[in-house]
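Read-outs throughout are calculated quantities, based only on the coordinates presented, and are distinct from any laboratory measurement. Computed from a predicted structure; not experimentally measured. Positions of Cβ are backbone-derived with ideal geometry, glycine not excepted, and every protein chain shown enters the neighbour counts.
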Amino acid sequence: MPLQLKAGLLIVGTIVLLGLLAPWIAPHPWDTISMRTRFLPPSATYWLGTDEYGRDVLSRLLMGTRLSLAMGVSATLVSLAFGVPIGLAAGYFRGKTDELLMRSADVLMAVPPIMLGLLVLAVTPPSLWKTAVAVGFVYIPPIARVTRSVTLALANEEFIQAARARAESTSYILFREILPNAWPPLIVEASLRVTYAILLGSALSFLGLGAQPPSSDWGLMISEARSFIDRAPWIALAPGFAMCLLVIGINLVGDGARERLDPRLKARVGKS
Amino acid sequence: MLAIEDLTVRYRTPGGAVEALSSVSLKVRTGSTLAVVGESGSGKSTVALAAMALLPPEAQTPSGRVLFDGTDVLKLDAQRRRRLRGSRIALVFQDPFSVLNPSLRIAEQVGEGLVYHRGFSDERALSRAIELLDEVGIANPRAVARAYPHELSGGMRQRALIAGALAAEPELLILDEPTTALDVTIEAQILDLLEDLQARRGLTMLFISHNLGVVRRIADDIAVLYAGQVVEEGATERILQAPVHPYTKGLLAAIPRLGRGRTRLASIPGRLPDLRAPPAGCRFAPRCPFAVAASALPQELRHVGDRNVRCCRAQELVATAWPVQDEAASGTLRAVLSPSEPILRVDGLSKTFTLTRGFGALSFEGWRPVMRPVRVKAVDEVAIEIAPGEVLGLVGESGSGKTTLGRAILRLIEPDRGSIRIAGEAVSGKPQKALVPMRRAAQIVFQNPDSSLNPRKTVRELVGRPIERFRLAPSGEVPGRVRALLDLVRLPAHYADRYPHQMSGGEKQRVGIARALATEPRFIVCDEPVSALDVSVQAAIVNLLADLRDRLGVAYLFISHDISVVAHIADRIAVMYRGRIVETGPAEEVMRAPRDPYTITLLSAVPTVDGPPLGKRARDEIAQR
């Protein structure tokens, strides 16, 4: 196993585990307000200090892990659910279908992601699951593009002709013949999107359009800590650092996984 | 002039170091041509790269020297190597379609070396480039000099590349499969040109090829490479007439010959040894019918008569021929052809491709814009008929429309016009959904074994899917059917669990054939089924297809650019040229007395390994006498 995949799995695995176990391992209640413990710097009791309401930053961070991961993964699932079929159809049918789907994707891509997220959320009251859908929606075009380019190349392969020569249905060809071969680049792209989605989700929460107080989303934590950054920098630093670590970890996994997932890469031996 | 001494080359790969060449020694005498012959994986391209000191960074040379005129090329620094390459040694690559830079004019690429190495001015380089283009037989060299590569045909590009290689007046010309990507008629022209240059310039050449017929026309000496070792070396005619090493014997026996009619070809069983851990003894022993206990010991190149052979039994095998297993002698098991309705009847089939559409088709007539799309008639009013159990060989060069025809018959490409009937059922004019019965009766085998099998499916899934798709057996019986099909194409049952990348090219092609047979078809389009395979493997696949026809009574449309392969399996031959069938007839008749001028050209262009030499040099000699 390549080193980067190991390192990535270690980082992501640890974070996921911590997030899952958060309610049991958190040293303090994450949402109990206590005016006597406001702005305490990191100490033996409060490892990462406390925030403006006297809540333990470490406990909030651990609970927030779940929100951030859920945001990243569910948003990416949304963009995969729409982007993959769109890309498959555009790459396989070509011509007018391709133009229509891909030009629509271009329009979507022309709008800055944060604006698009804002647009979706501004018209309705914000909630976490809606943020996830909005973020997923924003990242449909890149997923569709990657799927399309792989499909374009695969559609010319003779095994697709062979499938047509035994009268396979179009959906069989798209999802059973082409899709399994499209996974390696898609997984890399999707892992990249998970990180983007976490960042965008946090950004939206930061702007007050995602998770609502008192929940402890990382973006929301940074947003709330913003006013006290000169007095208590640890409140903003901890979630920022955690986010950074998670993004790096997921990227390492995505890159390392590509090599493992493609059987052809493993088989390649020197040329004659 | 060039001497390779004890050269070992290893490539570092993720799976371990692969030994591409093991202690190879070769000598090219000044003014002569040495051909290095071998199949894929033999290390022949590595020889060319080593001679040019162009080995990639992942290559290591634990031993050996490459002496050019006494200096070791491998030890030179980058600067000196570059000077040597451009001026005294030149290389012509295999694929003229990818070697030329598409955004530079031909003259710039031909004259590049002159400007760089000789300090020619641009004008002088241009005029010299035009002279060179003229010398390599390009008509209207001035116009070609100004053209871009995409405006030239494959043959013209290869000529331009040779002109570029000759520009710096090299003493040694290295040609790595220079004609493999070209059609036979073009190949014949390029070989004529090379013979001509040999005679006129006294060039020394190192010629790398897998094609013994081509080599015969051009080389004085041959070195046969197998699994990174020279197994036999000597004078060309001697080796071709009386091969001594078993591998050379097998290779020569496996080559389909014109004028042999429908016989089974000899084939070499097995595959190359794993070069990550090359066997200590004879590397050919596992595939060799003559192997004895002593074959397991390291083999030395030893002198046998007029050549060197790496085989401990060389002396006793001099007069022994490669054994031809006459499995299922042709004709005996043939299903009796009844004069019933043809399995395939095609009439007036046409397909035109539009190459440029939209703005690409826009051109100007004076100031007036007109739409003038470029159209190519790929298939033009074609009519063919195939009886049940009959093999129709379809021969043509690249671009003749043979693949389009094969796919249009199965409606994988929608034809513009014409009627198609398969097994008595009209196929043309029906919607794709109504074609399911036809798709079961008619199948297809593809050219490229790497592309025709889905890399993410096991052999069991690949071969079993058609059975499930057409519900030919209850799901419990599918594994048994798959095993029977693998047995039919002579693959062991445990191959069912393999993925395509775990098999060799020939084995993949067998899986492709098994998949086509899974629907119990009565007609199969074989689209260049052996073109991507080595000669020794090609023979086995052609034999297999012939056996299957005899046992199952399947009819084939056997498409190939190689008329000698077609002649071995086809009952009738149809010759295709620019979208039209120019000649059809019984195979023997077409081969013996071709009527159409194009068929005659095609037949005379095929390089052969026996019979009278067909080369220009030889023709001239005959004319002089």
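Points to keep in mind about this one:
- Placing dummy labels 7 Å off each Cα toward the beta-carbon, the span from residue B:468 to residue A:207 is 4.7 nm.
- In this simple spin-label approximation, residue A:47 and residue B:23 carry label points 7 Å from Cα along the Cα→Cβ vector, and these lie 6.3 nm apart.
- Cα centroid of region B:449-482 to Cα centroid of region B:99-166, whole Å: 52
- For region A:201-232 versus region B:542-614, the spacing of their alpha-carbon centroids is 77 Å.
- Each residue of region B:295-307 is assigned a 3J(HN,Hα), and the resulting list reads 5, 6, 8, x, 9, 9, 6, 10, 7, 10, x, 9, 7 Hz, derived from the Karplus form 6.51 cos²θ - 1.76 cosθ + 1.60 (θ = phi - 60°), x at Gly and Pro.
- log10 of Debye I(q)/I(0), alpha-carbon scatterers only, for chain A at 0.11 Å⁻¹: -0.71
- Using the Stokes-Einstein relation with a Kirkwood hydrodynamic radius computed over Cα pairs, the translational diffusion coefficient of the protein assembly as shown at 4 °C and a viscosity of 1.567 mPa s comes to 41 µm²/s.
- Restricting attention to chain B, the count of lysine pairs at 8 or more positions apart or across chains with alpha carbons under 21 Å apart stands at 8.
- Taking B:287, B:471, B:124 and counting other C-beta atoms within 10 Å, the order from fewest to most: B:471, B:124, B:287
- Axial C-alpha extent at least 24 Å, average Kyte-Doolittle at least 1.6 - helices from chain A (DSSP): A:3-25
- Karplus-derived HN-Hα couplings along region B:381-387 (A = 6.51, B = -1.76, C = 1.60, θ = phi - 60°), whole Hz, x at Gly and Pro: 6, 8, 10, 9, 9, 10, 7
- Exposure proxy order (Cβ contacts within 10 Å, fewest to most) of A:230, B:69: A:230, B:69
- Cα gyration tensor shape for region B:456-535, rounded if a/c is under 1.5, else prolate or oblate: oblate
- Simple Cβ-charge dipole of region B:442-570, Lys/Arg +1 and Asp/Glu -1, about Cα centre, in debye nearest 20: 460
- Summarising the label geometry, the points placed 7 Å from Cα in the beta-carbon direction at residue B:293 and residue B:118 lie 6.4 nm from one another.
- Straight-line cross-link partners of residue A:6 among the lysines, defined as a Cα under 26 Å from its Cα and at least 8 positions apart when in the same chain: A:266.
- Most mobile of A:211, A:75, A:232 in a GNM of chain A (Cα contacts under 10 Å): A:232
- Rounded if a/c under 1.5, otherwise prolate or oblate - chain B, Cα gyration tensor axes: oblate
- GNM on chain A, alpha-carbon springs under 10 angstrom: the most fluctuating residue among A:147, A:32, A:14 is A:32.
- Here the dipole of chain B is about 1320 debye; that uses its Cα centre as origin and unit charges on the Cβ of Lys and Arg (positive) and Asp and Glu (negative).
- Likely footprinting exposure, A:139, B:598, fewest C-beta neighbours within 10 Å first: B:598, A:139
- Think of region B:2-242 as a dipole: +1 on every Lys or Arg Cβ, -1 on every Asp or Glu Cβ, centred on the Cα centre; then among B:242, B:227, B:126, B:126 lies furthest on the positive end.
- Across every direction, the projection of the convex hull enclosing the Cα atoms of region A:7-127 has a mean area of 11.6 nm².
- Qualifying trypsin sites (Lys or Arg not before Pro) in region B:1-85, where qualification requires a DSSP coil assignment and no more than 16 other C-beta atoms within 10 Å, comprise B:29.
- Shape of region B:144-219, Cα gyration tensor, a/c cut at 1.5: oblate
- Couplings 3J(HN,Hα) for region A:31-47, derived from phi with the Karplus relation 6.51 cos²θ - 1.76 cosθ + 1.60 (θ = phi - 60°), are 10, 8, 7, 9, 6, 7, 10, 5, 6, 7, x, x, 8, 5, 7, 10, 4 Hz, where x marks Gly and Pro.
- Farthest towards the positive end of the charge dipole of chain B, among the residues B:395, B:282, B:89, is the Cα of B:395, using unit charges on the Cβ of Lys, Arg, Asp and Glu.
- Electrostatic dipole magnitude of the protein assembly as shown [Cβ: Lys, Arg +1; Asp, Glu -1; Cα centre; debye, to 20]: 1160
- Within the listed set A:136, A:87, A:49, the Gaussian network model of chain A (springs between alpha-carbon atoms below 10 Å) gives the highest mean-square fluctuation for A:49.
- Simple rule: put +1 on each Lys or Arg Cβ and -1 on each Asp or Glu Cβ in region B:2-242, find the dipole, and look at B:70, B:33, B:45; the Cα lying farthest toward the positive end is B:70.
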